[in-house]
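Values in this text are rule-based calculations from the coordinates and carry no lab data. Since the model is a prediction, treat every value here as computed from it, not as a measurement. When we count neighbours, we look across all protein chains shown, and the Cβ atoms used for this are built from the backbone with ideal geometry, even at glycine.
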Amino acid sequence: MTSYPAAEAFTKSRALADWVAECARLTRPERIVWCDGSEAERRRLTDAAVAAGTLIPLSPEKRPGCHLHRSNPNDVARTEEVTFICSPAKAGAGVTNNWMAPDEAYAKLGALLKDSMARRTMYVIPYVMGPLGSPFAKVGVEITDSVYVALSMRIMTRMGRPALEMLGESADFNRGLHCTLDLDPRKRFICHFPQDNTIWSVGSGYGGNALLSKKCFALRIASCLARDEGWLAEHMLIVGIQNPAGETRYLAAAFPSACGKTNLAMLTPPPALKGWKIFTVGDDIAWLRIGPDGGLWAINPEAGYFGVAPGTSMKSNPNAMRSVERDALFTNVAATPDGDVWWEGMDAPPPNGLRDWQGRPWNPQSGEKAAHPNSRFTAPMANNPALSPHANDPRGVPISAIVFGGRRATTMPLVLESFDWTHGVFMGATMGSETTAAAAGKVGVVRRDPMAMLPFCGYNIGEYLGHWLNLGKRLTKPPRIFMVNWFRKSAGGDFLWPGFGENLRVRKWMLDRIHNDGDGHRTPVGFAPDPAGLEIAGLEIAPEQLRQALAIDRDEWRHEIASAGEFLDKIGPTLPAALRERHRALAAALG
Ligand code: GTP
Ligand code: SPV
Ligand code: MN
């Protein structure tokens, strides 16, 4: 008979003690470790992970405190086809989610979890999402058999003792049970039970499938809590922009996975825009509430970044490069012979003797990528030189603009402003984006991805859009809503817009529209900047190229609206009438 440490030594919450005991009875771990978040614990877990070969230490000179992790090659991205919302009724999950009946899911995963931690250690990881002491903050506890998950959760959340203090005697916490199993894809399931504030995830060790604080709790479950409690949980970055006069305004932007949130959140202003500064609040998730002033206020529930490595360089995102100089975890990047990391799009050319993301000697002539396209870094936000002084502010930050954007080679102009809140919600609801390597499956196919929440909304998408409309009615000082596209291409296949730091020019236009009556003209699809309205001093872009980046082509838009209409039809009776009406009006205006 295994004996486990007494839960009472760690928590005053009877519910937590009972739940941990219940999970232990099911999974039968050899040992139970309650994580306290201390530095000594970090060292202990890291040593254990290195001894087990789960982490490879990097050079203490080049990357102090950093480690490399190579995942199973069949487990490198989120797996949407085995992600389920297990609401009591199928209609609760809606047409955009996979649904499994709760009893069936508990039985099916329960069978897989039975004795699944035999001869393994069970880590109990209490964590807080949101700044400590914030009315937005919520407690979760993840139980996992993965030391990689435990160490990642330490970076990504406020983990350990503060969470148990915040929980106190309460039973109100998210229950996340994760077990790696043998990584057989046929035994991979990520199941959400919003009615129980519970997540069960088996068979994957990958980020969004296994760090249950992130997409599973802070988006899928939190979106249900937000619906019930009157707020929003969104797949959004939050960034502060300070103008040369010293005024800082905040915007929140929703782009699908691997479509530029981390980059926009950390952007370095181009030299031509003197006196402008950027402050990162969050790079992936925002929890937004109506403040006492009738405006929208946001916090970043996370404490670290789980960012896409390829394409990150001193040129494209120096703040990200600085964030991974120390105490970072790298997953599925390439390794240099001198103990450093490398990926495609990094500043330096690949050194000789590189090992690819699977640890094999890499041949530059092979045509294969050295780093996996969805390879990632995990870094504490405290490492970011551009971290906002309000990143830990319990009150959050006031949002003056919401931005929706996707990855579109055609049709979508660089930027548009919506006519009003309902139109902005329509823009978000119908946005499309080309699929990326962040999820398993085909890359580069345009799919509708409402508010970049298609894989993350924990309930019926029609009701979700209705919730957005209702929330807008309660805002007396609503933020303006915009849409952007950094990824439009020329006929020759090149990006029309230089992107990255230069995106500040687009944000400047937005802020001018909001605060200084900046110029723009009305088109059937929204307000658009005149080419002269966009600050282009110091930008090397041919006028014709800029014209193409901003162009609104009627034929392309007719096609777009038809495709958006098919998606709205698919949502069915829960689609708010106001959005259906906007679609009709837009189709008519385009003729
Ligand atoms: P998730 O972490 O998956 O949610 O992704 P994300 O939305 O944070 O995307 P991220 O900022 O990591 O960018 C993904 C990819 O898009 C990277 O390879 C970037 O280099 C590239 N990218 C980001 N911003 C731009 C841009 O303005 N222009 C172009 N052309 N590429 C960009
Ligand atoms: C995304 O895919 O949107 C991510 C990475 O941010 S993951 O945490 O894996 O979801
Ligand atoms: Mn994301």
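For helix 577-590, what angle does its Cα long axis make with the longest principal axis of the chain, in degrees from 0 to 90 and rounded to 10?
The angle comes out near 40 degrees.
Tally Lys and Arg at +1 and Asp and Glu at -1 over the other residues with C-beta under 14 Å from the C-beta of S223: what net charge comes out? If you can, show how the numbers build up before the last one.
Details: positive: K138, K214, K215, R220, R227, R289; negative: D228, E229, E234, E463.
Its environment carries a net charge of +2.
Between L132 and A48, what is the label-point separation in nm under the 7 Å Cα-to-beta-carbon projection?
The answer from the label model is 2.3 nm.
Using a Förster distance of 45 Å, how high is the FRET efficiency between A91 and D420, based on the Cβ-Cβ distance and rounded to 0.05?
Details: r = 30 Å, r/R0 = 0.67.
After rounding, the FRET efficiency stands at 0.90.
Neighbour counts of other C-beta atoms within 10 Å: give me L546, L496, L273 arranged from fewest to most.
Numbers: L546 17, L496 24, L273 20.
If I rank by nearby Cβ atoms, fewest first, I get L546, L273, L496.
Once the Cα atoms of helix 102-113 and of the chain are each reduced to a long axis, what angle between those two axes, in degrees from 0 to 90 to the nearest 10, is obtained?
Tilt of helix 102-113: around 50 degrees.
So how far apart, in nm, are the two label points at N74 and N352 if each is 7 Å from Cα heading toward Cβ?
Inter-label distance under the simple model: 3.8 nm.
Tell me the trypsin sites (Lys or Arg not before Pro) within the stretch 258-362 that lie in a loop according to DSSP and have at most 10 other beta-carbon atoms within 10 Å.
Here the trypsin sites (Lys or Arg not before Pro) that fit, given the DSSP loop and packing criteria, are K274.
For a footprinting-style exposure proxy, rank E39, E302, E560, E104 by other Cβ within 10 Å, fewest first.
E39, E104, E560, E302
Rounding to the nearest 20 debye, state how big the charge dipole of the chain is about its Cα centre with +1 on each Lys and Arg Cβ and -1 on each Asp and Glu Cβ. All intermediate terms of the calculation are to be shown ahead of the outcome.
Details: 65 positive and 61 negative charges, 59 e Å.
Dipole of the chain, to the nearest 20 debye: 280 debye.
Specify the angular offset, from 0 to 90 degrees and rounded to the nearest 10, of the alpha carbon long axis of helix 554-571 from the longest principal axis of the alpha carbons in the chain.
40
Would you list M266, M314 from fewest to most Cβ contacts within 10 Å?
Ordered by Cβ neighbours within 10 Å, fewest first: M314, M266.
What FRET efficiency comes out for the pair E540/V443, r = Cβ-Cβ distance, R0 = 41 Å, nearest 0.05?
Result of the calculation: an efficiency of 0.85.
Say R0 is 22 Å: what FRET efficiency, to the nearest 0.05, do E22 and S170 get from their beta-carbon distance?
With a Förster radius of 22 Å, E is 0.80.
Once you place label points 7 Å from the Cα toward the Cβ at D519 and R547, how far apart are they in nm?
Between D519 and R547, the label points sit 1.7 nm apart.
Among the DSSP beta bridges whose two residues both lie in the chain, what percent are antiparallel, rounded to the nearest 5? Numbers along the way, then the final one.
Numbers: 61 of 94 bridges.
Taking every DSSP beta bridge with both residues in the chain, the antiparallel ones total about 65 percent.
For the chain, what is the mean residue ellipticity at 222 nm derived from helices alone (per DSSP H run of n ≥ 4: -39500 (n - 2.57); sum divided by total residues; nearest 500 deg cm²/dmol)?
After summing the helix terms and dividing by the residues of the chain, the value is -8000 deg cm²/dmol.
Using a ≥ b ≥ c from the Cα gyration tensor of the stretch 409-485 (square roots of the eigenvalues), is it rounded, prolate or oblate, where a/c under 1.5 gives rounded and otherwise the larger of a/b and b/c decides, a/b for prolate?
Oblate, because a/c is 1.5 or more while a/b does not exceed b/c.
Please say if the chain is rounded, prolate or oblate, where rounded means a/c under 1.5 for a ≥ b ≥ c the square roots of the C-alpha gyration tensor eigenvalues, and otherwise the choice is prolate for a/b larger than b/c and oblate otherwise?
The shape class here is prolate.
Using the charge dipole of the chain (Lys, Arg: +1 at Cβ; Asp, Glu: -1 at Cβ; taken about the Cα centre), state which of V147, P373, L109 has its Cα farthest towards the positive end.
After comparing all options, I get L109.
Enter the Cα centre distance for the pair the stretch 117-180 and the stretch 246-313, rounded to the nearest angstrom.
Centre-to-centre distance over Cα atoms comes out at 25 Å.
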